[in-house]
Structure formats: C-alpha cells, structure tokens
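Some notes on the structure that comes next.
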Amino acid sequence: MSGGNRAPRAPRPEQVDLTASRHPWQEVPMPGANLGFHLTRLASRSGAFVVHGHFPPGFARDVPGGYLVDEEFIVLAGELHLGDATYRRGDLTFIPAGAVRTRMWAPGGATVLAWFGGPAVFHPVDQLPAGATPVAETVHLGPGAALPDLPGGTWSPGDQVAGGAAGDVISADLSGWRRLGAGPAPQPGDYVRVEK
C-alpha cells in the first residue's frame, strides 16, 4: 500500500488453544540464526512483548548476545538448549536483561510462550552492558512448584489471584493461554502471571 494507507492490524489474540494442530505463525528472522522463528504476538500490556513461538527443527543461533529487557519463557513442547542448559516442557525460565546467551538450538524444534519486558531486540555481546553474565533461573511447573516472584510478574496458583489483577493464565496442563478476564476465572491448578 502507498502513502498513509495501511491495512488495519488484526487484534492480538486474548486466548490461545496451545494444543491446536495449526497456529497463525508469522515467520520472522532471528539475528545470527540459521532459520526463522515462528511467532504469534499475543495481547499484552502496553510496552510488553508476549509471544507464542516455535523454533523449527534444526534451529540454531551461534552468535553470543542478549536482550536489554528481562525475558521469561515456558517450554510447551520439545527441547530448547541454551548454552549448557536444556529446557523441556513445563520449564519456566527467567533470564535477566543484559544476560549473555551463548549458543541456542532446538534440534527437534521447540514451542514456547515468552514474555519480554519491552522490545525483543537481540544485541551482539559487544553491545550489552559490561559485566553481563549468563544467569537464568528455572522452575519446573507442576503440583507444589515454588512459583517465582520476578521483576515483570509474580507467578501464583490460579486460586490465589486478587480480583482486578492484570496478567496471563496458563492452564494447569499447559494446553491454553489467556489474558486474565478473557474466559473463565483461573482454576486452582492453573498458573497465573500477575503483571507488576
């Protein structure tokens, strides 16, 4: 289209069936990677970046670097390798802003939900703050898991969420995602990320 005439943006989904056989992925390049990343941007508060994404089989990025914003992600399917760590279904991982990521790969593919504290712009290691180190905190989601209180959101069981809170609900079996207020109230076994 020319001039100021742009097609209207489709609204970002407020609910996603994570078990659906097809998703409206958009392939985007990932700097330093051999393959594109497939994503669907999800509804989120202003300034945040939330995605349902898929690393295709054989995906690899060998360029060290990171983001200038915090990231949280849950692996929904497959395995995602980041440096010496392997993340599997149900792993909720926090990576602080400026942390250096070394090699990342997904030999069999991996599907994730990810929250970024702002624009998800990858920077080579020489553009990250001095002294940034590879630091990650991981909790495996399951009954009795010690859910974390992170800079961008506090994780809690579905039955411990105050009314009027803003955030996201992930079903206990990781089969669905929705914004708080979109759909039924969270159930006791669900995982809720309340935004700060």
### From the coordinates shown, semi-axes √(5λ) of the Cα gyration tensor in Å corresponds to which of [x] 29, 21, 16; [y] 32, 17, 14; [z] 25, 22, 17
[z]
### Message
Rounded to the nearest 10 Å², what accessible area does HIS140 have for a 1.4 Å probe in the complete protein model?
### Response
110 Å²
### Query
Which loop-located trypsin sites (Lys or Arg not before Pro) does region 69-143 contain, where loop means any DSSP state but H, G, I, E or B and the Cβ has at most 14 other Cβ atoms within 10 Å?
ARG103
### Task
Pop a pseudo-label 7 angstrom from the Cα along the beta-carbon direction at both ARG12 and ALA136 and give the gap in nm to one decimal.
2.3 nm
### Summary
Computed ³J(HN,Hα) along region 114-127: with the Karplus parameters 6.51/-1.76/1.60, θ = phi - 60°, integer Hz and x for glycine or proline, the list is 9, 10, 10, x, x, x, 8, 10, 6, 10, x, 3, 6, 9
### Query
With contacts defined as alpha carbon pairs under 8 Å and 6 or more residues apart, what's the relative contact order of the chain in percent?
20 percent
### Message
Using a 7 Å offset from the Cα along the Cα-to-Cβ direction at both ALA165 and ASN34, what is the distance between the two label points in nm, to one decimal?
### Response
4.2 nm
### Task
Along Cα→Cβ, 7 Å out, is where each label goes; now give me the distance between the ones at HIS81 and ALA185 in nm to one decimal.
4.6 nm
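The values are calculated or read from the model by the stated rules, or taken from the named source; none is laboratory data. Keep in mind the model is a prediction, meaning the values are calculated, not measured. Note that each Cβ is placed from the backbone with ideal geometry, even for glycine, and that neighbours are counted across all protein chains shown. Protein only, heavy atoms only, side chains kept; ligands, DNA and RNA dropped before computing areas. Shrake-Rupley method; radii C 1.70, N 1.55, O 1.52, S 1.80 Å.
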